[in-house]
Amino acid sequence: MKGYRVYSQIKQLQEKGFSKASVAKRLKINRRTVTRYWGMNAAEYEGQHISRVKLLDEYQEIILHWLTEYPTVSAAQVCDWLKEHYKADYPERTVSRYVKELREAHNLPKAQEPRAYEAVPETPPGEQMQADFGEKWLPAVGGGRVKVRFAAFVLSNSRYKYLEFQSRPFTAVDFANACRACFSYMGGVPRELVIDQDHIATISENYGDVIHTYEFEKLRQDLKFSVYLCRAADPESKGKIENVVKFVKQNFLENRVFADDSILNTSALEWLDRTGNAKLHGTTKRVPSEGFKLEREFLRPLPEPMLTGTEYICRTVRKDNTILYDSNRYSVPLGTYENQGEVQIDVKNGTLRILTVFGEFICEHMVSPGRGMLIKNQSHGRDKNEKLDRLLDSANALLGHQVPQFLRHLRYDNSRYARDQLSLIESLCGKYGLDHTLEAIRACEKLDLLRATYVKDYLKYSHEVPLPKPAALPVSDRKYHITAEKRPLDAYMKAGERR
């Protein structure tokens, strides 16, 4: 048995002079196991072993009968049957260990109940598409790792594939957009889509009464395809797409470095043209791209809004009201982040159009050929000039339009601090009055001191009322007259010379 083999190997290595740490490392076992057996002789080991299994020896025959009669029975079932038939309450771990030892001693391996598979006839061209999700950790360009998720699609007849990648979990909107992009990529819609019971597409499957998510149901009604929902925990019912997911992980994603979503999607399309749809399929013995030329003719045509050949891709709006595309950041109007968490992008003829998830136009940019750049429309930022102009007009009106040149200098000389300067003038006018403020401004203009801080200093030292001096204390009251000793400067100079 395994326990005795470990004990025997420990004793053999001990006799050869190996240390406890070396024995544990060599046998790949815990050092505490080595310590337990280190000073134990064979008789002691046998006594301990017998005393441990003796707890269940009285049920040995019935357990052996169960193991022989029911080859697939588990240790957990044996534990439950002992409780049911013999009221014998043993820890499940003890029963599991005992059952394992009996199986090894009597050569009774646990049998599996293999699932019976049968070949499935090939579906007609254009009849069925299968879809599924996959994920994989990739090393990132800047260090660390990023988990990428992808939606995979394959036409069942030709095995023609499509992929959509993103570095955040898929939502119902993402999956609906990925389906639209797939149908645009293939130029048509199949009659049936095979998917898992996934919360992204399905809310409930109540004995055949399927309720889809709003986004997926809208897509299904718009494109008029039927859905074949796989049963729970039954991935084999869509084996074609399962093989595609495995193929993508092992051939495309393996050892690939992640830069961003757009680069990964671009590389995936190139991989599909180069390998994914160009490699001879092992089962059909056809190249998917060649088979697709025939199957495409059997796909139902796309609805009018999708006939433009436009591929819509979903993008997340970042906190700074930008989206990422092809390693660059493109601005969207302020407030988009709060109101539109996700947007669609449409790239055509060098123009990037940004739309809502419902297809409503937001803005557009020219696609930049560079990398790592911020492409910003000036109208998407805060209109600071308009607010500063209103502040200038307010200050000018407050001062009776008597010093416009001075205020314009504050506004345009250093626009970064124009708000602070103009606000200071207004506060000084409120504190010292209009006349004194105008007097101070004109005085500063004559000296070419064109800053609001100079006006503040002028008013502070010219027009502030001095504080009254405290009343003198009575000379006769000596306790209030504590005067510190005043030393001559020579004493400090001599002290410094000593140092």
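The values are calculated or read from the model by the stated rules, or taken from the named source; none is laboratory data. Computed from a predicted structure; not experimentally measured. Cβ placement follows ideal geometry from the backbone for every residue including glycine, while neighbour counts extend to all protein chains displayed. The area values use the complete protein model at the heavy-atom level, side chains included, leaving out ligands, DNA and RNA. Shrake-Rupley method; radii C 1.70, N 1.55, O 1.52, S 1.80 Å.
When only residues in the stretch 344-372 that are open to solvent by 90 Å² or more (accessible area, probe 1.4 Å) and touching a residue at least 12 places away in the same chain (Cβ under 8 Å) count, which is farthest from ASN177 (Cα to Cα)? Ranking the qualifying residues of the stretch 344-372, first place goes to ARG371. Against the list (1) modelled with pLDDT of 85 or more; (2) more than 30 Å from LEU324 (Cβ to Cβ); (3) open to solvent by 60 Å² or more (accessible area, probe 1.4 Å), the condition TYR412 fails is (1). Starting from residues that are among the small types (Gly, Ala, Ser) and over 16 Å from PRO109 (Cα atoms), keep the ones in the stretch 32-79 and report whichever is modelled with the highest pLDDT. The selected residue is GLY39.
There is at least one residue in the stretch 328-343 that is surrounded by 12 or more Cβ atoms within 10 Å (Cβ to Cβ), in a helix (DSSP H, G or I) and not charged (D, E, K, R). The criterion of at least 1 residues that are closer than 20 Å to LEU264 by Cβ is met, among strands (runs of 3 or more DSSP E) falling completely within the stretch 151-206, by 161-166. Residues in the stretch 277-298 that are at pLDDT 90 or above and touching a helix residue (DSSP H, G or I) at 6+ places or on another chain (Cβ under 7 Å) were compared, and the one that is farthest from VAL244 (Cα to Cα) is ALA278. Among the numbered criteria (1) crowded, with 21+ Cβ neighbours inside 10 Å; (2) over 29 Å from the mean Cα position of the chain (by Cα), which one does GLY188 miss? So the condition that GLY188 fails would be (1).
Pick from ASP448, ASP435, ASP393: which is acidic (Asp, Glu), at pLDDT 85 or above, outside any helix (DSSP H, G or I) and open to solvent by 20 Å² or more (accessible area, probe 1.4 Å)? Being acidic (Asp, Glu), at pLDDT 85 or above, outside any helix (DSSP H, G or I) and open to solvent by 20 Å² or more (accessible area, probe 1.4 Å) holds for just one of ASP448, ASP435, ASP393, which is ASP448. Is there any pair linking a residue in the stretch 129-153 that is touching a residue at least 40 places away in the same chain (Cβ under 8 Å) to one that is open to solvent by 50 Å² or more (accessible area, probe 1.4 Å) and among the acidic types (Asp, Glu), with Cβ under 9 Å and at least six apart or on different chains, and which? From residues that are touching a residue at least 40 places away in the same chain (Cβ under 8 Å), the pairs are GLN130/GLU242; ASP132/GLU242; LYS136/GLU254; VAL148/GLU135; PHE150/GLU135.
For residues that are under 46 Å from the mean Cα position of the chain (by Cα) and either surrounded by 14 or more Cβ atoms within 10 Å (Cβ to Cβ) or closer than 11 Å to VAL78 by Cα (or both), tally how many sit in the stretch 99-109. Total satisfying the criteria: 2. Reported count of residues in the stretch 416-427, each being open to solvent by 10 Å² or more (accessible area, probe 1.4 Å) and more than 14 Å from HIS401 (Cα to Cα), is 8.
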